[in-house]
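Derivation of every value follows stated rules applied to the coordinates shown; laboratory data play no part. Keep in mind that what you see is a predicted model, and the values were worked out from it rather than measured. Every residue, glycine as well, gets a Cβ built from its backbone with ideal geometry; the counts of neighbours run over all protein chains shown.
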Amino acid sequence: MTNSIIASVDGVITYLAKLVDNPNINYKELVVLSTWVQTAFEVYILRRQLPCYERPLPPPALKQHVTKETFSKAQIYSKDKTRFALIKLVFDQLLGWGLIKLGAYSGLWNFSGKLLSNVGISPNRVITHSLTWMTILTLTSSLPGLPWSYYQTFVLEQKHGFNKSTVKLWITDTLKSYALGAVIGLPVLAGFLKIIGWAGKSFVPWLMVFLLGIQLSLQIVYPTFIQPLFNKLEPLPQGELRTKVEELAGQLGFPLKHLYVIDGSKRSSHSNAYFYGLPWSKHIVIYDTLIKDSSVDEVVAVLGHELGHWHMAHPTKLLLVTQLHLLLTLTIFSIFINNKSLYSSFGFDPSLAVTAPQPICIGFMLFQLVLEPTDAFVKFLLNAETRRMEYQADEFAAQLDKKEDLASALIKLHITNLSSPHNDWLYSMYHHSHPTLPERLNALENYKGEKTLKLNGKPEPERQTKKDL
Ligand SMILES: [Zn+2]
């Protein structure tokens, strides 16, 4: 039974692979066209949002909570951010288009081969060649983005009083991010390529296990080794807040191991809270900025919302969704893995697609380019799902009798972060992983369920990824 299913899936993949390996399909032009269409769509969405910043009054749900001054500050800040996003979007598209048009993918492949020959390494060592190529390609496509990042931090955020970073900190952060990308990314890529090379046609399940293993290990590695490179986490001092958070965690059966304050104020005045960890040992992290700006009960209400995510296994559900997406992506990749037309339309020797040792890395990168426009649909779906989860977590906090405190905490966060008061519905659907503040306040207002949550025994603990408010 299982064998016949595998055989028929194989049959379908082989059939589709033949169908899409057609010299008449110009993949390069297809990618160029689809990325322009996607960019045009995103420009359209951003332009729909711009008139929201011209509205003279806040939405009714916020009217009593924001002063005229805060409202107009938020409008100007949001407008500046959206304009920046618009120009950056066009720049990124031109850069990506330029790289494709100039034949950067194949050009840099040949260049990295020559570079290796010059230091006495055979370019036929396909994994070394691939890693060198990916390093050069990543630098070529990401270095032009650095001035934008600089501008965003030191001009845009600075202008609105959010930036707390220094040039020195920004430079060391950037260098650390690149170094981390190399230390983690290159071995993972090498493993990825080795597994495909070793498993051949049946690489999908093996890769799934490998990548899931990496994601779960990062749960341990990230807080212990990576986050301390950028931020300082200190235990939350004894006091009313600590007692109340521990009490709440105890009531819900949340396996709280550590309770930290993070020095988010080192870089920015934006504030937040999140939790992470393994199923049996979790850590809560609260931004120092959140503690500074909110009352004890408001911070506890925010954590009530966070623990709602945990209680309803939201992070696990999201992990499952991402695994399904990965499964789908890798299965489609197996259709394209030996596609000669894909290689040749980007200026590569088509024999690279079929002769061993095959540089699978090229195929995977080109396949990513072909698949990129589908990301927009995934983004719509994923955001719809996370917004649903936010409503559920808010409701959970309301069930803990924290409705008023959560509402006032959300309003304060909204004001501190100068979030946009008005939002276009399509812009919101595409860009927001969270409902807007008026939407959340209305939902809280309309919540008529039982005020107190009945805690029948301990809920099932689960694995989770980082999830913020
Ligand atoms: Zn949330």
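Compute the distance in nm between two label points, each set 7 Å from the Cα along the Cα-to-Cβ direction, one at LEU233 and one at SER72.
Distance between label points: 4.3 nm.
Where Lys and Arg each count +1 and Asp and Glu each count -1, what net charge lies around GLY145 among other residues with Cβ under 15 Å from its Cβ? Intermediate values should be presented prior to the final figure.
Values: positive: LYS88; negative: ASP92, ASP173.
So the environment of GLY145 carries a net charge of -1.
Filter LYS168/LYS266; LYS88/LYS379; LYS73/LYS403 down to the pairs with a C-alpha to C-alpha distance above 21 Å, please. Intermediate results must be reported in sequence, preceding the final value.
Working: LYS168/LYS266 12 Å; LYS88/LYS379 19 Å; LYS73/LYS403 27 Å.
Violating the 21 Å limit, Cα to Cα: LYS73/LYS403.
Expressed as a rounded percentage, what relative contact order does the chain have, with Cα pairs under 8 Å and six or more residues apart? Provide the component values of the computation, followed by the final result.
Details: 509 pairs, mean separation 112.1, N = 469.
Here the relative contact order equals 24 percent.
Using the Kyte-Doolittle scale, find the helices of the chain whose mean hydropathy is at least 0.5 and whose Cα atoms extend 30 Å or more along the helix's long axis, counting only whole DSSP H runs. If you can, show how the numbers build up before the last one.
On the way: long enough: 27-49 (33 Å, 0.20); 68-101 (49 Å, -0.08); 314-336 (33 Å, 1.31); 374-399 (38 Å, -0.48).
Answer set is 314-336.
I'd like the projected area of the chain, averaged over all directions, using the convex hull of its alpha carbons. Report it in nm² with one decimal.
Numbers: hull surface 100.8 nm².
One quarter of the hull surface, i.e. the mean projection, equals 25.2 nm².
What 222 nm value per residue comes from the helices of the chain, counting each DSSP H run with n ≥ 4 as -39,500 (n - 2.57) and dividing by all residues, nearest 500 deg cm²/dmol? All intermediate terms of the calculation are to be shown ahead of the outcome.
Details: 20 runs with 298 residues, N = 469.
Helix contribution divided over all residues of the chain: -21000 deg cm²/dmol.
Return the Rg/Rh value of segment 19-61, two decimal places, where both radii are evaluated on C-alpha atoms and Rh is the Kirkwood radius.
Details: Rg = 19.2 Å, Rh = 13.7 Å.
My calculation of the ratio gives 1.40.
Would you order ASP21, ASP394 from fewest to most other beta-carbon atoms within 10 Å of each residue's own beta-carbon? Mind showing how you got there, number by number?
Working: ASP21 19, ASP394 27.
Ascending number of Cβ neighbours within 10 Å: ASP21, ASP394.
Which order, highest average first, do 231-244, 304-317, 34-47 follow once you tally other Cβ atoms within 10 Å for each residue and take the mean per peptide? Write out the running numbers ahead of the final one.
On the way: 231-244: 13.0, 304-317: 22.0, 34-47: 15.4.
Result, highest mean Cβ count within 10 Å first: 304-317, 34-47, 231-244.
Could you tell me which of rounded, prolate or oblate describes segment 91-157, using a ≥ b ≥ c as the square roots of the eigenvalues of the alpha-carbon gyration tensor, with rounded for a/c under 1.5 and, failing that, prolate when a/b is larger than b/c and oblate otherwise? Spell out each step's value before the answer.
Values: a/c = 3.99, a/b = 2.15, b/c = 1.86.
Cα axes put segment 91-157 in the prolate bin.
Quickly work out the GLN368-to-TYR260 label distance, labels modelled 7 Å from Cα along the C-beta direction, and quote it in nm with one decimal.
The two pseudo-label positions are separated by 2.8 nm.
Multiply the residue gap between HIS160 and LEU426 by 0.36 nm, knock off their C-alpha separation, and tell me the result in nm, one decimal place. Mind dumping the intermediate values first?
Details: separation 266, 0.36 × 266 = 95.76 nm, distance 2.64 nm.
Difference between extended and current length: 93.1 nm.
What dipole magnitude, in Debye to the nearest 20, does the chain give about its Cα centre under +1 on Lys/Arg Cβ and -1 on Asp/Glu Cβ? It would help to have the intermediate numbers written out before the result.
Values: 45 positive and 37 negative charges, 147 e Å.
Once rounded to the nearest 20, the dipole reads 700 debye.
Please give the FRET efficiency for ILE87 paired with LYS18, using the beta carbon to beta carbon distance and R0 = 51 Å, rounded to the nearest 0.05. List each step's numbers first, then the result.
Details: r = 43 Å, r/R0 = 0.85.
Here the calculated transfer efficiency is 0.70.
Between beta-carbons, use under 14 Å as the cut-off and find the net charge around ASN163, counting Lys and Arg +1, Asp and Glu -1. Intermediate results must be reported in sequence, preceding the final value.
On the way: positive: LYS81, LYS159, LYS164, LYS168, LYS266, ARG267; negative: ASP80, GLU157, ASP173.
Net charge around ASN163: +3.
Taking R0 as 30 Å, what's the FRET efficiency between ILE226 and TRP206 from their Cβ-Cβ distance, rounded to 0.05?
Values: r = 26 Å, r/R0 = 0.88.
So, using R0 = 30 Å, E works out to roughly 0.70.
Rounded to the nearest 0.05, what FRET efficiency is calculated for THR329 and TYR151 with R0 set to 35 Å and r the Cβ-Cβ distance?
Working: r = 33 Å, r/R0 = 0.95.
With R0 = 35 Å, the Cβ-Cβ based efficiency is 0.60.
If you count the DSSP beta bridges with both ends in the chain, what percent of them are antiparallel, to the nearest 5? Before the final figure, lay out the partial values.
Details: 13 of 19 bridges.
So the antiparallel bridges in the chain amount to around 70 percent.
I'd like the distance separating the alpha-carbon centroids of segment 395-419 and segment 22-84, in whole Å.
So the separation of the two Cα centres works out to 25 Å.
Rank these for me by crowding, SER72, SER122, SER130, going from fewest to most other beta carbons within 10 Å.
Numbers: SER72 15, SER122 11, SER130 23.
If I rank by nearby Cβ atoms, fewest first, I get SER122, SER72, SER130.
Between segment 267-311 and segment 312-347, what is the separation of their alpha carbon centroids in Å?
So the separation of the two Cα centres works out to 33 Å.
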